[in-house]
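First up is the structure itself, then whatever we jot down about it.
The values are calculated or read from the model by the stated rules, or taken from the named source; none is laboratory data. Values in this document were obtained by computation on a predicted structure and should not be read as measured data. Note: ideal-geometry Cβ built from the backbone for every residue, glycine included; neighbour counts use all protein chains shown. Keep in mind that these areas ignore ligands, DNA and RNA; they rest on the heavy atoms of the full protein, side chains included. Shrake-Rupley method; radii C 1.70, N 1.55, O 1.52, S 1.80 Å.
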Amino acid sequence: MKMENRHIPVMLNEVKLHIPNNKKLNIIDATFGGGSYSKSILENFNVSNLIAIDRDPISKIFAESLIKKFSNFELINGCFSQIDELILNNSSCKKNEFDIIIFDLGISSNQIDNPERGFSFMKEGPLDMRMGNSSKKVSDIINNYSEVDLANIIYKFGEERNSRKIARNIVSARKIKLIETTIELSKLIKNSFNTKEIYKSKIDPATKTFQALRIYINDELNELSIALDKSIELLSAKGKIIIVSFQSLEDRIVKDFLNHNSGKRWRSSRHYPELAEDGPITLKLITKKPLRPSEQEINNNPRSRSAKLRIGEKIN
């Protein structure tokens, strides 16, 4: 099956600047997507092994050309929260052998631009949003969860201030007819805002609610927290973990992870409630503050505008 990769990699040049070019490398691309990072790295660096991971079955299609061209490339289909098991059970590499681990946490354009996946509030499609093989779809949540649970999900994972009104409108609408498509849901959300709110906002009214539902259905924040913790043991001495995040919830987890593991005093986080204030010193912060995309990149690819790049290096 042939499918065009529409995804434009974000901050690719900045990522490549932090990859050493003076030795053979073992690399994990933990979020393969359409393969743009993997392809560029394989073409431009001395790679011993590049192992890519992606939970979305469609990633196999985008990996076909790389598998044919590069004998040192391998794709593993699975959740990156199982990064240690996936790597150690499916490759010849062992713990402490990886020079680079990359996480690009943005949703792939190949997912957004396919209406059948249900990720976009701008295109008519079923309310799905599954990244992997989960049996539960967004339509199951929208049409079955209580008003309180819906409001909590939309507020917690979308940071949406109108969450209660949106949830109330969803429950009222589904009493008349089940909500089945992205456009139906998008219109309901928009009707939860007054004209002044819509006019003042820089984003579509449906953005935060769709984000919340996607994060919830795919358990994205827990997946990320677990994957980051497990990555440290896979890194070699002076190996780098490179993370590109796109929204505040995931960036907060990334920032806390890097601060905690660099021994820096850090604030409490609900994602690490059990940890003490001072963390073990296993990483050195390479980026004191996150790197941001250039103005030129934002102009060429508006989806990059919210990206933040953070990097940690494993201490000997």
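The table below lists the values:
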| item | result |
| --- | --- |
| Single residue of segment 15-46 satisfying the filter (of a type in the set (A, V, I, L, M) and within 21 Å of ASP84 (Cβ to Cβ)) that is surrounded by the fewest Cβ atoms within 10 Å (Cβ to Cβ) | LEU25 |
| Hey, ILE53 modelled with pLDDT of 95 or more and within 21 Å of LEU224 (Cα to Cα) or not | yes |
| Out of ARG252, ARG161, ARG168, sole residue that is open to solvent by 20 Å² or more (accessible area, probe 1.4 Å) and part of a loop (DSSP other than H, G, I, E, B) | ARG161 |
| Search result, residues across segment 298-316 that are under 17 Å from ILE286 (Cβ atoms) and either in a strand (DSSP E or B) or polar (S, T, N, Q) (or both) | LYS308, LEU309, ARG310, ILE311, GLY312, GLU313, LYS314, ASN316 |
| Residues satisfying the stated conditions in segment 72-100, i.e. in a strand (DSSP E or B) and in contact with a helix residue (DSSP H, G or I) (Cβ under 9 Å, 6 or more places away or on another chain) | PHE73, GLU74, LEU75, ILE76, ASN77, PHE98, ILE100 |
| Meets criteria (of a type outside the set (Gly, Ala, Ser) and under 17 Å from MET129 (Cβ atoms)) for TYR216 | yes |
| Subset of segment 101-116 (residues that are part of a helix (DSSP H, G or I) and either modelled with pLDDT under 85 or closer than 16 Å to ARG303 by Cα (or both)) | SER109, ASN110, GLN111, ILE112 |
| Condition broken by ILE58, with the remaining ones in (1) open to solvent by 30 Å² or more (accessible area, probe 1.4 Å); (2) in contact with a Leu (Cβ under 6 Å, 6 or more places away or on another chain); (3) not basic (Lys, Arg) satisfied | (2) |
| Filter pass, VAL148 being over 20 Å from PHE119 (Cβ atoms), open to solvent by 30 Å² or more (accessible area, probe 1.4 Å), of a type in the set (Val, Ile, Thr) and outside any loop (DSSP other than H, G, I, E, B) | yes |
| Lone unmet requirement of (1) under 13 Å from the mean Cα position of the chain (by Cα); (2) of a type outside the set (S, T, N, Q); (3) within 19 Å of SER139 (Cβ to Cβ) for ILE176 | (1) |
| Residue within segment 88-110 that is more than 24 Å from GLU43 (Cα to Cα), in contact (Cβ under 8 Å) with a residue 12 or more places away in the chain, of a type outside the set (A, V, I, L, M) and open to solvent by less than 30 Å² (accessible area, probe 1.4 Å) present | no |
| Members of segment 7-59 that are part of a helix (DSSP H, G or I), of a type in the set (Asp, Glu) and touching a strand residue (DSSP E or B) at 6+ places or on another chain (Cβ under 8 Å) | GLU14 |
| Lone unmet requirement of (1) buried (at least 18 other Cβ atoms within 10 Å of the Cβ); (2) assigned to a helix (DSSP H, G or I); (3) of a type in the set (Gly, Ala, Ser) for SER192 | (2) |
